[in-house]
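Comments concern the structure below.
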Amino acid sequence: MTATAELMDFADVVERFDPVLGLEVHVELSTATKMFCGCANAFGAEPNTQVCPTCLGLPGSLPVVNGTAVESAIRIGLALNCEIAQWCRFARKNYFYPDMPKNFQTSQYDEPIAVNGHLDVVLEDGAVFRVGIERAHMEEDTGKSLHVGGATGRIRGAEHSLLDYNRAGVPLIEIVTKPIVGAGERAPEVARAYVTALRDLLRALRVSDVRMDQGSLRCDANVSLMPTGSTEFGTRTETKNVNSLRSVERAVRYEMCRQAAVLAAGEKIVQETRHFDEATGSTSPGRRKETAEDYRYFPEPDLVPIAPSREWVEQLRTTLPELPWERRKRAQEQWGLSDAELRDLVNAGALELVAETVEAGAAPGEARSWWVSYLAQQANTRGVELADLPITPEQVARVVTLVAEGTLTNKLARQVVDGVLDGEGGPDEVVEKRGLKVVSDDSALLAAVDEALAANPDVAEKIRGGKVAAAGAIVGAVMKATKGQADAKRVRELILERCAQ
Amino acid sequence: MADLTRLTAAELAGRIHAREVSAVEVAQAHLDRIAAVDPAVHAFLHVDAEGALAAARAVDETLAAGRPPASPLAGVPLALKDVFTTEGVPTTCGSKILDGWLPPYDATVTRRLKQAGIVVLGKTNMDEFAMGSSTENSAYGPTRNPWNPERIPGGSGGGSAAALAAFQAPLAIGTDTGGSIRQPGAVTGTVGVKPTYGGVSRYGLVAFSSSLDQGGPCARTVLDAALLHEVIGGHDPLDSTSIDAPVPPVVAAARQGAAGDLSGVRVGVVTELDGEGYQPGVLSAFHAAVEQLRALGAEVVKVSCPHFDYGLSAYYLIAPSECSSNLARFDAMRYGLREGDDGTHSAEEVMTLTREAGFGPEVKRRIMLGTYALSAGYYDAYYGQAQKVRTLIARDFAAAYEKVDVLVSPTTPTTAFRIGEKVDDPLAMYRSDLCTIPANLAGNAAMSVPCGLAEEDGLPVGLQIMAPTMQDHRMYRVAAAYEVARDAAEGGPLIHRVPELPATVGRGVEEVAR
């Protein structure tokens, strides 16, 4: 089978088939240390510098459970409306792979910490789709392999492989949905909306960075089709390497079209792992799964069971933040936003930033305008997340205040913000250092006005003759002379006053 | 100074702390003894003369400065089973697959020994990854029994037990998964203790079967074992299965027992571990020991533990299952042996070639057994059933301990068999652990103490004493009382009847070291 298989037109697919989705999301927790040892859990360090006997799986080493990771797992479970197990255990998932130090992954199998929940997902048009949650369980991440010398960066064809165990043992929560049925033509959209909602939820819980680009949020999409009206699930494929929200939607859509073409041709779907290619938007076959891998799960004998007390669970329930969609609804009402304005705000990742800016004293409209337009552009130019810009909501609020007071014009305000972003200090400091205050001293302005009028006698004559529109040229000259620090409106008034005398 | 090696650990510690003899002299005497007799015994895989003398020197300096010794055993030499990691000192587990590996860290047991000022002489031979009952499964050749060089010293901790019986060290550390401390103790006429599971940290103990493995003390006297038990025991936050409670008062119990009075102590004889299938000389020595306990004032009753009959079968499902997973990490990627890495083989092929070359036949057998027992479709029938048996055995123990304070049995069905006698018959070999396995499955405490020689072969017999979880002190009390009475009846410690070993003159320690 080639990578570019025959595809059926999407409209035909949904006419003839009902899609069934299953989404598995792996979340790396942002705990200070790893799941079973005291090594730092941080992204991007020199390879193999955050390792110890335990996460390297050295002979004799033993795991100790990270209590904060368990706490995060329970909070995630509660936020997903799951039941939290009275008693659960870790299990060993046995398989050989060079980036897995022990050649088994310490995970949870038939006794996960959270089961049977749901997440209500809001679609573009406001419709709500309930996605069932089968389970959320704790496990450890593997190391990372870098295959060198091949064309594809995959192990086949590589000359050699490099291994980085910094990621080995990083705490993961795997969240598995129940089969998602009945989404029909909206299946790709539901998939994307689910992962988006999950990301927002996890961010609000402050348990993970949820950066799909860095792999701290990873999604595997299981897709199968059954003839319309049928209730018997078809053979599924599992698509990996889906590294952005947009890819989730594209991968599901592609698999629906591909599988439909295969089925329509009277062929069978091969149960396999498929690899999503961002560039082409297509999936290609990876590891065959027809001989189901036997992981020989058994309870992890090096760890004792975890039995979270009901008191602890209830105490953790009180720490749950306002759910993102409820938060949005509240913001929309408070700030009087249209649906489109709210969507822009959320898509820009600016909701909390705006809220904090408003809290710091800015008017909602001004706060929103700064974050969604000028600062969003700056973040884009600098290639960072909006929240990672080196400016705080309090500083933005201060800039808004300076404009409202008339100390800054909008143009000057942008220069102040640039100064803050460039690390020149807080807004007041930048105003001071760059000398950006509006020139509001009339005597200084009058001198500039007189100078401009004297330099342009013909224009001055026209104004005196009643051609008020001609004042624009003098305003321009004054603004130029004051390096833009004058209030143009006031300059105009002074010109007219002078010419009327 | 040859007599230094004949002293007990308690006696040596007394002399060292009184500065009658230096720790360095004591260490040197034992290193000399190792150099002389180890070519005939082969108890050691690695002798760390330099490290031992440095540790001894540090103890002497502490005492010379007028500071108190770090522990009651400071300055006493010890032989460490090669299954505990030792920073910068080879740790092979008796396997070729770890040939050349220098661990970057100390096991908790190793660390506690060092902190206590105990002088680690070296690492002792063992069945590969502690799988075996004779030390014949060591990739580095068998250890011989000091009582008779044609006989096995037991296993897997044959090296540690033989080192004691050959007077190469007064103390040793073993690990007991199905009897690997007690069975070698029994067949070498030494004391071996498997503490309650969780009583001694497993951190740095290279795992064979995690839910069964337990490190413990080995010595020539009950008191020495107790003193060592208190050094290595106690909670370790690095081992999640370690019990967070004080070490049972085993030294006090040993001293109490040595007073010779067992009145009020209820002793249960396990009916399932007696009679048919046991060597007659073993049974007669055992029965004499039981009479001795009665004479000391103990109340002796028979107790039935019906599920013990299934112990061996359950053990040979659970232990191989866990080992198949624990030993998966030996894949040539990060440490140890690497075969076939010549640019023509894939990583997967290198793994296969390395495991093929690096593991011995018994290890492979158990990995295959365990892999099969855990497979989809077989799990419930094998691993699942075995875990149920485990529960039933634990209930048998619980019921028995309602009626008695300790249980007793022979430690092994036979005395030391001949080297080579059972290597082709794994099932016969597995039966060596018949009596010792139930305590591992239930996780409670058990020990073996010498109880005379079998009349037909003149070889040592072990009395097994078992106690409930965290009641380790009960068995020490009984064992110490029995030991005093037996020595009095026999006219001295049994261990002094070990025949003189052929000494190799003029061979240095370095040559003995592997």
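The values are calculated or read from the model by the stated rules, or taken from the named source; none is laboratory data. Note that the coordinates shown come from a computational prediction; the quantities given were computed from them, not determined experimentally. As a convention, Cβ positions derive from the backbone with ideal geometry for all residues, glycine included, and neighbour counts pool all protein chains shown.
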Sole exception among (1) under 22 Å from A:His275 (Cα atoms); (2) within 21 Å of the chain's Cα centre (by Cα) for A:Lys144, by number = (2)
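When you look at B:Pro39, is it away from chain A (no Cβ under 14 Å), more than 19 Å from the chain's Cα centre (by Cα) and part of a loop (DSSP other than H, G, I, E, B), yes or no?
Taking the combined requirement at face value, the residue does not satisfy it.
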ask   = Quick check, is B:Gly336 closer than 30 Å to B:Glu402 by Cβ and either surrounded by 23 or more Cβ atoms within 10 Å (Cβ to Cβ) or within 14 Å of another protein chain (Cβ to nearest Cβ) (or both)?
value = no
inquiry  = I'm told B:Gly492 meets every condition in (1) modelled with pLDDT under 95; (2) of a type in the set (Gly, Ala, Ser); (3) surrounded by 16 or more Cβ atoms within 10 Å (Cβ to Cβ) except one. Can you identify the failing condition by its number?
reply    = (3)
request  = Look at region B:239-250 and say how many of its residues are of a type outside the set (Gly, Ala, Ser), over 16 Å from B:Pro72 (Cα atoms) and more than 9 Å from chain A (Cβ to nearest Cβ).
outcome  = 4
inquiry  = For region B:32-70, which positions are closer than 21 Å to B:Ile173 by Cα and acidic (Asp, Glu)?
reply    = B:Asp32, B:Asp38, B:Asp48, B:Glu50
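How many of the residues making up region A:85-96 are within 14 Å of another protein chain (Cβ to nearest Cβ), crowded, with 18+ Cβ neighbours inside 10 Å and not in a strand (DSSP E or B)?
Taking region A:85-96 as the starting set, the residues that turn out to be within 14 Å of another protein chain (Cβ to nearest Cβ) are A:89-96.
Retained after the next criterion (residues that are crowded, with 18+ Cβ neighbours inside 10 Å): A:89-94.
Retained after the next criterion (residues that are not in a strand (DSSP E or B)): A:89-90.
The total comes to 2.
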task = Scan region B:238-282 for residues that are of a type outside the set (A, V, I, L, M, F, W, C), at negative phi and not in a helix (DSSP H, G or I) and report the count.
result = 16
ask   = For region A:405-414, does any single residue satisfy the condition of being among the hydroxyl-bearing types (Ser, Thr, Tyr), modelled with pLDDT under 85 and assigned to a helix (DSSP H, G or I)?
value = no
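If I filter region B:494-503 for residues that are among the basic types (Lys, Arg) and part of a helix (DSSP H, G or I), do I get at least one hit? Show your work before the answer.
Residues of region B:494-503 that are among the basic types (Lys, Arg), as a first pass: B:497.
Okay, now just the ones that are also part of a helix (DSSP H, G or I), so B:497.
Checked against the condition, which is being among the basic types (Lys, Arg) and part of a helix (DSSP H, G or I), region B:494-503 yields at least one hit.
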query = Assuming B:Ala347 fulfils every condition listed in (1) within 27 Å of B:Glu272 (Cβ to Cβ); (2) surrounded by 18 or more Cβ atoms within 10 Å (Cβ to Cβ); (3) of a type in the set (Gly, Ala, Ser); (4) free of Cβ contacts under 8 Å to residues at least 40 places away in the same chain apart from one, which condition is it?
reply = (1)
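Any residue that is at pLDDT 95 or above and within 14 Å of chain B (Cβ to nearest Cβ) - is there at least one of those in region A:70-84? Talk me through it step by step, then tell me what you get.
Here is the first cut: in region A:70-84, the ones at pLDDT 95 or above are A:70-84.
Within this subset, residues satisfying the condition of being within 14 Å of chain B (Cβ to nearest Cβ) are A:70.
Yes, region A:70-84 contains at least one residue that is at pLDDT 95 or above and within 14 Å of chain B (Cβ to nearest Cβ).
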query = Counting only residues that are facing another protein chain (nearest Cβ under 9 Å) and assigned to a loop (DSSP other than H, G, I, E, B), which one in region B:344-376 is farthest from B:Pro142 (Cα to Cα)?
reply = B:Ala376
remark   = Requiring at least 1 residues that are of a type in the set (Val, Ile, Thr) and modelled with pLDDT of 95 or more, the strands (runs of 3 or more DSSP E) wholly within region B:114-220 are B:119-124, B:171-175, B:191-194
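So that you can scan it fast, the table gives a plain yes or no per residue for (1) surrounded by 14 or more Cβ atoms within 10 Å (Cβ to Cβ); (2) away from every other protein chain (no Cβ under 14 Å); (3) assigned to a loop (DSSP other than H, G, I, E, B); (4) small (Gly, Ala, Ser):
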residue: A:Glu255; (1), (2), (3), (4): yes, yes, no, no
residue: A:Lys268; (1), (2), (3), (4): no, yes, yes, no
residue: A:His275; (1), (2), (3), (4): yes, yes, no, no
residue: A:Thr280; (1), (2), (3), (4): no, yes, yes, no
residue: A:Glu293; (1), (2), (3), (4): no, no, yes, no
residue: A:Pro308; (1), (2), (3), (4): yes, yes, yes, no
residue: A:Glu311; (1), (2), (3), (4): no, yes, no, no
Residues within region A:469-495 that are surrounded by 13 or more Cβ atoms within 10 Å (Cβ to Cβ) and either over 16 Å from A:Thr409 (Cα atoms) or aromatic (Phe, Trp, Tyr) (or both), tallied = 10
ask   = Any residue at all in region A:412-422 that is buried (at least 20 other Cβ atoms within 10 Å of the Cβ) and in contact (Cβ under 8 Å) with a residue 60 or more places away in the chain?
value = yes
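Looking at region A:6-41, which of its residues are over 17 Å from A:Ala260 (Cα atoms) and acidic (Asp, Glu)?
Initial filter on region A:6-41 (over 17 Å from A:Ala260 (Cα atoms)): A:22-41.
Hits for region A:6-41 are A:Glu24, A:Glu28.
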message = Anything in region A:206-238 that is assigned to a helix (DSSP H, G or I) and at pLDDT 95 or above? List them, or say none.
response = none
key: Members of region A:144-172 found to be assigned to a loop (DSSP other than H, G, I, E, B) and at pLDDT below 95, listed by number   = A:Gly149, A:Gly150, A:Ala151, A:Thr152, A:Gly153, A:Arg154, A:Ile155, A:Arg156, A:Gly157, A:Ala158, A:Glu159
ask   = So, in region B:290-333, of the ones that are at the interface with chain A (Cβ under 9 Å from one of its Cβ atoms) and small (Gly, Ala, Ser), which residue ends up surrounded by the most Cβ atoms within 10 Å (Cβ to Cβ)?
value = B:Ser321
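Is it true that A:Asp458 is at pLDDT 85 or above and closer than 30 Å to A:Gly349 by Cα? Walk me through it before giving the result.
Working: at pLDDT 85 or above: yes; closer than 30 Å to A:Gly349 by Cα: no.
It is false that A:Asp458 is at pLDDT 85 or above and closer than 30 Å to A:Gly349 by Cα.
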inquiry  = Regarding region B:222-229, can at least one residue be identified that is touching a residue at least 60 places away in the same chain (Cβ under 8 Å), in contact with an Asp or Glu (Cβ under 8 Å, 6 or more places away or on another chain), under 29 Å from B:Ala481 (Cα atoms) and within 14 Å of chain A (Cβ to nearest Cβ)?
reply    = no
request  = Check A:Tyr109 against each of (1) farther than 14 Å from A:Ala136 by Cα; (2) in a loop (DSSP other than H, G, I, E, B) and name the one condition it does not meet.
outcome  = (1)
request  = Give the residue that is nearest to the other protein chains (Cβ to nearest Cβ), with candidates limited to residues of region B:47-105 that are aliphatic (A, V, I, L, M) and in a loop (DSSP other than H, G, I, E, B).
outcome  = B:Val83
note = Given the conditions (1) among the small types (Gly, Ala, Ser); (2) surrounded by fewer than 20 Cβ atoms within 10 Å (Cβ to Cβ); (3) within 14 Å of chain B (Cβ to nearest Cβ), every one holds for A:Ala40 apart from (3)
request  = Give the residue that is nearest to A:Glu385 (Cα to Cα), with candidates limited to residues of region A:333-348 that are of a type in the set (A, V, I, L, M, F, W, C) and touching a Pro at 6+ places or on another chain (Cβ under 9 Å).
outcome  = A:Val346
inquiry  = Given the criteria surrounded by 19 or more Cβ atoms within 10 Å (Cβ to Cβ), under 30 Å from A:Phe298 (Cβ atoms) and within 14 Å of chain A (Cβ to nearest Cβ), does B:Asp236 qualify?
reply    = yes
